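Since every read-out is calculated from the coordinates, none of them should be taken as a lab result. Since the structure is predicted, the reported quantities are computational estimates derived from the model, not experimental observations.
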Amino acid sequence: MNLAEQLIIVLMVSLGTMSMRFLPFIVFPAGKPTPKYIQYLGKVLPGAVFGMLVIYCLKDVAFLSSPHGIPELISIAVTVVLHLWRKQMLLSMAGGTIVYMILVQMVF
């Protein structure tokens, strides 16, 4: 890749990032009320994304062969307990991931 192609790629990525960052402020200005549908999506999408993440993480787990999904189930339990305790999604996901990595690397 030559210098011109590299600059074009950097420019396009920057333009795409900036447009995605600025678009919500242009479409939904501060003085105008946010549409009810967008408010609804803001309430339901975080839980839906979290649910899809759980399904994605468990899709290849073999519950009928060793270790029978035990590290995954322990990690899910840790994630749920952390979320119920602190109500912070990032902490819950990070905690569950760290526990899973420790279990897979050192225990199972």
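Report, in deg cm²/dmol and to the nearest 500, the calculated mean residue ellipticity at 222 nm for the chain, where each DSSP H run with n ≥ 4 adds -39500 (n - 2.57) and the sum is divided by the residue count.
It comes out at -25000 deg cm²/dmol, rounded to the nearest 500.
Check the straight Cα-Cα distances from K32 and name the lysines below 29 Å, setting aside those fewer than 8 residues away within the same chain.
K43
Between helix 3-27 and the chain, what is the angle of the helix's C-alpha long axis to the longest principal axis, kept within 0 to 90° and rounded to the nearest 10?
Helix 3-27 sits at roughly 90 degrees to that axis.
So how far, in whole Å, is the C-alpha centre of segment 1-52 from the one of segment 54-108?
30 Å
Whole-Hz ³J(HN,Hα) for each residue in segment 84-96, computed from phi via Karplus 6.51 cos²θ - 1.76 cosθ + 1.60 with θ = phi - 60°, x for glycine and proline: what do you get?
Coupling constants for segment 84-96: 5, 6, 9, 6, 10, 4, 5, 4, 4, 5, 5, x, x Hz.
Among (i) 87, 23, 18; (ii) 48, 34, 20; (iii) 51, 48, 24, find the value of Cα extents along the principal axes in Å that was calculated from the structure presented, and write down its label.
Label of the calculated value: (iii).
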